[in-house]
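Q: Let me give you the structure first, and then I'll get to my questions.
The values are calculated or read from the model by the stated rules, or taken from the named source; none is laboratory data. Fair warning: this is a prediction, and the values are worked out from it, not measured in the lab. Cβ atoms come from the backbone with ideal geometry, glycine included; neighbour counts cover every protein chain shown. Remember, those area values only see protein heavy atoms, side chains included, never the ligands or the DNA or RNA. Shrake-Rupley method; radii C 1.70, N 1.55, O 1.52, S 1.80 Å.
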Amino acid sequence: AAAGLKSFVDTADGYQFLYPNGWLQVKVADGPDVVFHDLIEVSENVSVVISAVPQGKSLTELGTPTEVGYKLGKAALAPEGSGRSAELVNVAQKETDGKTYYFLEYEVKLPNQEKRHNIASVAVSRGKLFTFNASVPERRWKKLQRTIDEVVSSFSVY
């Protein structure tokens, strides 16, 4: 693992990632498969959500990075009635070990006007859609950007 990062592996669901030292795993009922957050800044977090994929489609069959990014933003980050808005500001695509990953960057505004930065890595494996999301307050983004980029890039499915 990179300096200052620890490894998390879920062999049952088939994914792994790195997360910052000093972050703790928290149990969430009826939510993401796993969540880690910072001990001090508890709103800084990473999570993994596993969803079914329609008719066993591949990630590219679900859409381009931009199309998937808009769908994810509306469904997960700023659902109707939440009072939140999510602007997709950057997308990228990468192939690793025969798997396609989309990287999606959002600026999210909460109802209280607080701004957040969300970076997601999305992949399809074994008929499931894996969404790894990292979220930090905008005021901490510049300081944490390199670490968060490293964490999100470390996410892999198998």
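Q: Filter the stretch 77-101 down to the residues that are out of contact with any helix residue (DSSP H, G or I) (no Cβ under 6 Å at 6 or more places or on another chain) and surrounded by 14 or more Cβ atoms within 10 Å (Cβ to Cβ) and list them by number.
A: Across the stretch 77-101, the qualifying residues are LEU77, ALA78, ARG84, SER85, LYS99, TYR101.
Q: May I ask you to list the residues in the stretch 16-68 that are touching a residue at least 60 places away in the same chain (Cβ under 8 Å) and open to solvent by less than 20 Å² (accessible area, probe 1.4 Å)?
A: Answer for the stretch 16-68, where residues must be touching a residue at least 60 places away in the same chain (Cβ under 8 Å) and open to solvent by less than 20 Å² (accessible area, probe 1.4 Å): PHE17, PRO20, GLU44, VAL46, SER47, VAL48, VAL53, LEU59.
Q: Hey, can you tell me all the residues within the stretch 26-69 that are more than 14 Å from the chain's Cα centre (by Cα) and among the charged types (D, E, K, R)?
A: LYS27, ASP30, ASP38, GLU41, LYS57, GLU61, GLU67
Q: Could you pull out the residue among VAL136, VAL89, VAL124 that is farther than 16 Å from LEU59 by Cα, more than 12 Å from the chain's Cα centre (by Cα) and part of a strand (DSSP E or B)?
A: VAL89
Q: A further question on this structure: Against the condition modelled with pLDDT of 95 or more and either touching a strand residue (DSSP E or B) at 6+ places or on another chain (Cβ under 8 Å) or surrounded by 14 or more Cβ atoms within 10 Å (Cβ to Cβ) (or both), how does LYS74 come out, does it pass?
A: Criteria not met by LYS74.
Q: Pull up the stretch 121-152, narrow it to residues that are free of Cβ contacts under 8 Å to residues at least 60 places away in the same chain and more than 17 Å from PHE8 (Cα to Cα), then point me to the one that is least open to solvent (accessible area, probe 1.4 Å).
A: Once the filter is applied, the top-ranked residue is TRP141.
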